[in-house]
Every structure is written in C-alpha cells, then in structure tokens.
Amino acid sequence: MIKRNQWFTGGLLIYAVVTVAFYFLFPDFNSGFKQADFVYLIASFFPVAAVMYALNLYGRKGQHGSALTFMFLSFLTLFVGEALWAIFEFIGLDPYPSAADYFYIISYPLLFIGLLKEWRLMKVDWSEVSGFSKLMMSLITLALAGVVGYFGLYLAYDAGAGALENFVAMTYGVGDLILLVLAMFVLKMADEFKGGRLFYTWFGIFLGLIFTLFADIGFAIYYEPYEEGVFSFNVILDFLWIGSFMAYAYGFYRMGEIVKSAQDRVLKQ
Amino acid sequence: MTKKEEITEKALELVEEYFGSYTKTLYTKFYEDKDVKTIFASIEELLTETIGPKKTKTVLTPLAKKYHLTMQDDQA
C-alpha cells in the first residue's frame, strides 16, 4: 500500500517534472507575463497549504498553534505577493517596486516570529555543540552575512533611484539577513532530532530558507539580466525559489504527518 | 501526587510540547485507564520515533531514574 507520505513526495516530483517541461517548452521570458508563471504561482501556494494542514492537526490553541499561525500568515502574504507580481506583469505594469513587494517584505518578520516561537518550544540544547562547531557556524554566518550585506544592502542602494525603490531594495537585504540567522538556528534544530522524524521537517525548512536566501542574493546581483528575460538567469533563480516552496511544503507536511500519526495511534485503538 | 499522576502529567506535557494541544486531549483520555509501565512505554515509543533516540533519552532519563523504570535502550 502506498503511504500518504509517498503520495505527497510523488506529487511534488511530478510537479517538478511538469515545471521543468514548462520552462523549457515555453522559454518566453522577455514577454513580461510568461506561461511558466502559472506553475511558479502554484508552487508558492504549496507551503500555505502544508502549514494549514499542520496547523489543523496541532490545533490553533497553545504555543504551536500560535507559532504556526505566524508561519501560515508569512506564506500567505508571500503567496499574495507572488500573485500580485504575476497580475502586474499580466496587465503590463512594472512589478518592481510595487504593492507586491510590501507583501514579500512583511512575510520575513512573520516567518522570523513563527520560527523563533517554535525554536523556544523545542528546547534546543546548545551545550552539546562543540566550540569548534560554534566557531565554524559563526564564521559561515559572518561570511554569508558579508555577501548579503554587500549585494543586498550596499549595492542595492542606487543614488539615481527614488527613495521608495531604495527602501524596498535594501529591506530585502535586511530580510535576507533574517533568513540567514534563521537558517543557522533551524539547522541546529534539525541536528537535534537526528534519528527521529522531526529531523526531516526541520531539514526541509532549512533547505527552504537556504534556497530562498541564494535566490534572493542572486536576484540582488543579477536583477537586470533576470528582468531582461535572459533564459539562464530566469531558470536558475525561479528554480531556486520554486525549490524553496517545495522544501517548505515538504517540511510542514511532514510536521503535520507526525502529529497525525500520533493521533491515529490513539484513535484507532 | 502519586507515581501514576506524576508520570501521566509529564507524559502529557511532552505530548503537548511535540504534538500540540488537541493530541494532548486525546492522550489524556487514552492514559486514564493505563498503568504506569504502559504510559511510560507509550511516550518513549512516540518520542523515539519523533525526536530520535538520543533526545528521548535526555528527556526521559530523569523520570525513569526517579521511578525505576526501564527504557528500551537499557533493555537492549
């Protein structure tokens, strides 16, 4: 018998194959709205549905309910941002900067609050991390923070652009720094549960954060070729964002499945 | 507080911590007519599967020591 997990993973894989086919069959990236935007938009809804699934199983009451509500709102605002971006492109308006950016930007602090609440609930033990590991993690974080700071904050400032455009561009840099810190915390959380099913949840979410971070850094560096419709930049950056949506969805779906199986044990007796 | 009450309370606390408030409600009923050993074995199995054997040991060892309960790992 095929388990629910296998159906879900199989569904994600089929979606991935269809997405790759769409991008290579309709490479019309210089025409504003593109056919591939449809599949991209579908992907951005995956984490919304997955968090909703986990939230329903955990229940809205209590600390988990509160943490997951923040994460649900984060992915919902991200989805609204993606939808607005697609609509603006469809009607021929320049989507950057636009109302879509406000929704993207709001999603960062919401995710930060939600994950921080989960982090506190999971009572992660730092005492077992060796001094060397802590040093390596700090160095990697600092190096990546340097890259994000340089491309996402320093180079994002354009003296010729308007105040709003600069504000939006630099806020993404701050958002990416938030993602970076979160990614390190979430990686530790995954490590804490090695050998258990929660490892897959947190590792999926870690991958989601890292893919988003790399896509955002890439967008900050290669904004022009991306907007001009250069095929390789569109494919790489879009695939990173789509990959992040799929990884988040996988993580939160697994989180819901863990709770479901704990409940089933009792309900089936 | 009796031995059963204390172990049930700790087990339910852990159920809520990792599986949320609704699951805790289900387990509250489930544990009502169970003995101490069954409750402890149930929470140990649930946690081992979810958070891994290492973290489960860290979480449950103080309780196991206090009430002289045997963990699966110790039996092996």
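Numbers below:
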quantity	calculated
Members of region B:20-76 found to be assigned to a helix (DSSP H, G or I), within 18 Å of residue B:4 (Cα to Cα) and away from chain A (no Cβ under 13 Å), listed by number	B:36, B:37, B:40, B:60, B:61, B:62, B:63, B:64, B:65, B:66
Residue in region A:99-112 that is nearest to residue A:64 (Cα to Cα), counting only those that are surrounded by fewer than 17 Cβ atoms within 10 Å (Cβ to Cβ) and not aromatic (Phe, Trp, Tyr)	A:109
Hits in region A:28-79 (condition: facing chain B (nearest Cβ under 10 Å), surrounded by 18 or more Cβ atoms within 10 Å (Cβ to Cβ) and within 21 Å of residue A:246 (Cβ to Cβ))	A:54, A:55, A:57, A:68
Residues (in contact with a Pro (Cβ under 9 Å, 6 or more places away or on another chain) and either surrounded by fewer than 16 Cβ atoms within 10 Å (Cβ to Cβ) or farther than 15 Å from residue A:222 by Cβ (or both)) located in region A:162-179	A:162, A:164, A:165, A:167, A:168, A:175, A:178
Some residue of region A:79-87 being among the aromatic types (Phe, Trp, Tyr) and within 30 Å of residue B:24 (Cβ to Cβ)	no
Single condition residue A:135 does not satisfy, out of (1) buried (at least 16 other Cβ atoms within 10 Å of the Cβ); (2) more than 19 Å from the chain's Cα centre (by Cα); (3) free of Cβ contacts under 8 Å to residues at least 40 places away in the same chain; (4) more than 26 Å from residue A:82 (Cα to Cα)	(1)
Considering residues of region A:170-214 that are touching a Ser or Thr at 6+ places or on another chain (Cβ under 7 Å) and within 14 Å of chain B (Cβ to nearest Cβ) only, the residue nearest to residue A:105 (Cα to Cα)	A:198
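Each reported figure results from applying straightforward, stated rules to the coordinates on display, with no laboratory input. If you're wondering where the values come from, they're calculated on a predicted model, not measured in any experiment. Methodologically, a virtual Cβ is constructed for each residue, glycine included, from the backbone with ideal geometry; neighbour enumeration extends over all protein chains shown.
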